[in-house]
Amino acid sequence: MSEKEVKNLEEIFEARIARDEKIEPKDWMPEKYRKTHIRQISQHAHSEIVGMLPEGNWISRAPSLRRKVALLAKVQDEAGHGLYLYSACETLGISRNELYDQLHTGKAKYSSIFNYPTVTWADMGAIGWLVDGAAIINQVPLCSTSYGPYARAMIRVCKEESFHQRQGFEIMLKLANGTPEQKDMAQDALNRWWWPSLMMLGPTDAESVHTAQSMKWKLKRKTNDELRQQFIDQTVPQADLLGLTIPDPDLKWNEETGHYDFGEIDWDEFWQVVKGYGPSNKKRMKDRVGAWEEGTWVRDAAMAYAEKKEKRKNDIKRAI
Amino acid sequence: MTNNSTTDTSSLPLGEMSEGQRGNLYNYILGIADNSLILGQRLGELCGHGPSLETDIAGTNISLDLFGQVRSYFQYAAQISSDNDATEDTIAFLRIERQYRNVLLVEQPNTDFGYTIVRQFLFDAYHLLFLRELEKSNDETLAAIAKKSIKEVSYHWRFSSDWIRRLGDGTEESHERVQEAVTDLWMYTDELFHQTEADQAMIAEGIGVETSKLKEIYYKMISEVLEEATLEVPEGKYFHKGGKQGIHSEYMGYILSDMQYMQRTYPNMEW
């Protein structure tokens with residue numbers, strides 16, 4: 001294809017996005033669009049899968065049968081999200097095994113928040129309330145993103161996420177209205193998860209390398225800083241309702257801007273975690289890689305069995 | 001289901017049951033539900049660690065079904081309990097080890113996917129046969145729980161027996177590994193058919209399932225799948241028992257210390 005023809009296709013492509021048309025797997029798309037989407041969708045899928053681990057850590061110790069069932073269902077939903085996000089990503093011409101390989105070798109990233117440990121039961125509440133809350137803010141705009149399979153997967157993901165967030169808030173509410181020990185547990189969880197949740201919305205706009213292009217492709221509708229502000233404005237009244245204190249002495253309502261002002265985020269900590277040196281990075285990867293490697297013989301068996309079955313079927317056909 | 005009893009306990013309001021009848025019914029329910037509780041707990045330990053995303057989802061799903069059943073059984077047991085403060089959670093979390101009535105099979109560890117699937121397979125066949133009989137119980141609540149659970153357990157059985165076929169007739173390695181698990185776990189199958197005093201009392205009332213009648217079809221059912229999977233049906237004549245009397249393996253204490261951790265550390269709180 002000549003340079004002129006490519007340019008022409010690109011113009012048609014950009015015009016389609018500008019008209020809010022969906023791009024489908026078989027449509028022509030610029031290579032950069034494909035690559036950016038593989039990166040973002042797979043990163044999202046990996047986050048769902050790695051995100052199962054910190055919560056899975058409390059399934060065996062959930063304090064009541066009702067909570068155990070709800071937590072199991074939640075972690076199962078995350079596996080389901082991973083499944084449809086991987087499928088959406090595969091439509092861009094990359095296999096699930098390649099995607100796993102990128103995760104296991106550290107080439108692909110996942111959300112930095114899952115590299116923090118879940119040390120008490122209240123963390124199940126804080127993750128639902130704050131982490132899923134931040135995720136929703138990030139994800140709702142993606143329901144109308146330009147790539148069709150991703151947008152459709154996100155509609156389903158978002159419905160379930162908002163249920164998870166309510167569930168998390170309800171865990172916090174029960175703790176906040178419980179005994180002094182329970183209230184302390186809730187406050188401690190908020191103290192530990194607040195800042196990582198703010199960091200989860202990504203580096204500041206000045207540091208974010210992908211924002212401009214992603215905005216153009218509607219892979220992003222608001223900048224990281226706008227999303228962060230929205231999250232804070234939405235969450236502070238909820239913390240008030242719980243009677244818990246957000247661990248930021250600089251947090252203050254600003255009449256003029258109509259938003260909360262907030263303190264300095266420790267970006268050194270963020271980059272440390274992103275680069276692989278957070279409190280649980282090693283453990284998360286060890287668990288993921290371990291499960292994958294220990295499962296090799298099982299997956300091989302399933303493949304071998306399917307082949308044998310197919311062969312037997314063909315042998316019978318031939319005999320007839 | 002045999003019903004050769006003159007007293008039909010199920011038609012009695014709970015308040016009119018004798019203490020002995022209530023005690024037997026209570027213990028009978030625990031005998032059923034504890035199997036699902038401990039197996040659900042074992043499967044829950046694996047969540048996020050499966051060999052593939054699909055098996056992970058399926059394993060979690062089975063765990064969820066089992067805990068759902070446990071809740072129905074324990075809510076009913078709480079009504080029958082002589083302890084007025086009993087709830088599904090006090091029954092699930094606040095007994096001592098000797099008071100759990102599950103069979104030894106379900107507490108066996110998640111050694112690898114082979115052991116996990118074989119444990120599931122050996123239990124599912126029994127569970128399905130058991131529920132099909134419990135559905136005919138004179139006790140309406142138990143019959144209703146059984147009816148709802150049969151659908152779920154039919155799926156569990158399909159899942160575990162399909163995997164037995166895949167692993168048995170898959171690769172040389174998978175064949176060897178799953179055969180080892182079958183041979184090792186076989187010794188826990190006989191206990192499934194043992195009867196406690198409460199079981200016998202409930203059978204006499206037309207409430208309980210006459211498990212001895214299920215034994216032959218059970219071994220036929222699992223042997224057929226094992227043979228199809230090119231696996232050997234073990235000839236082991238020595239079996240282990242004790243779980244139904246509350247004498248468990250050394251694994252049980254660790255399962256409970258994990259499961260009961262919150263309730264023991266923070267007593268009398270709501271979650």
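The values are calculated or read from the model by the stated rules, or taken from the named source; none is laboratory data. Values in this document were obtained by computation on a predicted structure and should not be read as measured data. Cβ sites come from the backbone with ideal geometry, for glycine too, and all protein chains shown count toward neighbours. Ligands, DNA and RNA are stripped out before the accessible areas are found, and what is left, the full protein with its side chains, is counted by its heavy atoms. Shrake-Rupley method; radii C 1.70, N 1.55, O 1.52, S 1.80 Å.
Quick notes on this structure:
- Among the residues here, A:Tyr110 does not qualify as among the hydroxyl-bearing types (Ser, Thr, Tyr), part of a helix (DSSP H, G or I) and either in contact (Cβ under 8 Å) with a residue 60 or more places away in the chain or within 11 Å of another protein chain (Cβ to nearest Cβ) (or both).
- Residue pairs meeting the criteria (Cβ under 6 Å; at least 6 apart or on separate chains; first within 26 Å of A:Glu264 (Cβ to Cβ), in segment A:203-219; second in a helix (DSSP H, G or I) and among the hydrophobic types (A, V, I, L, M, F, W, C)): none
- Residue satisfying condition, being on the phi < 0 side of the Ramachandran plot and either surrounded by fewer than 21 Cβ atoms within 10 Å (Cβ to Cβ) or in contact with a Lys or Arg (Cβ under 6 Å, 6 or more places away or on another chain) (or both), within set A:Lys26, A:Lys74: A:Lys26
- In segment A:181-224, the residue that is nearest to the chain's Cα centre (by Cα) out of those that are polar (S, T, N, Q) and under 30 Å from A:Glu14 (Cα atoms) is A:Asn224.
- 2 or more residues under 18 Å from the mean Cα position of the chain (by Cα) and either in contact (Cβ under 8 Å) with a residue 60 or more places away in the chain or buried (at least 18 other Cβ atoms within 10 Å of the Cβ) (or both): qualifying helices (runs of 4 or more DSSP H) within segment B:195-271: B:197-204, B:215-228, B:251-259
- Wholly within segment B:19-98, helices (runs of 4 or more DSSP H) carrying at least 3 residues that are more than 10 Å from chain A (Cβ to nearest Cβ): B:19-45, B:53-80
- Restricting A:Arg152, A:Arg156, A:Arg192 to those that are of a type outside the set (Phe, Trp, Tyr), touching a helix residue (DSSP H, G or I) at 6+ places or on another chain (Cβ under 9 Å), open to solvent by 40 Å² or more (accessible area, probe 1.4 Å) and under 19 Å from A:Ile113 (Cβ atoms) reduces the list to A:Arg192.
- Residue ID - least open to solvent (accessible area, probe 1.4 Å), chosen from residues in segment B:167-192 that are assigned to a helix (DSSP H, G or I) and free of Cβ contacts under 8 Å to residues at least 40 places away in the same chain: B:Glu173
- Residue match in segment A:260-270 (condition: part of a helix (DSSP H, G or I), more than 11 Å from chain B (Cβ to nearest Cβ), over 22 Å from A:Gln165 (Cβ atoms) and not aromatic (Phe, Trp, Tyr)): yes
- Taken as a whole, the structure leaves A:Ala79 outside the set of residues that are within 14 Å of chain B (Cβ to nearest Cβ), open to solvent by 10 Å² or more (accessible area, probe 1.4 Å) and part of a helix (DSSP H, G or I).
- Answer residue from segment A:50-76, given it is more than 7 Å from chain B (Cβ to nearest Cβ) and part of a helix (DSSP H, G or I) and is farthest from B:Tyr266 (Cα to Cα) among those: A:Val50
- Out of A:Ser64, A:Ser60, one residue alone is among the hydroxyl-bearing types (Ser, Thr, Tyr), touching an Asp or Glu at 6+ places or on another chain (Cβ under 9 Å) and farther than 19 Å from A:Lys283 by Cβ. It is A:Ser64.
- Test: residue in segment A:33-47 that is of a type outside the set (A, V, I, L, M), free of Cβ contacts under 8 Å to residues at least 40 places away in the same chain and open to solvent by 20 Å² or more (accessible area, probe 1.4 Å): yes
- Test: residue in segment A:227-244 that is closer than 30 Å to A:Phe13 by Cα and in a loop (DSSP other than H, G, I, E, B): no
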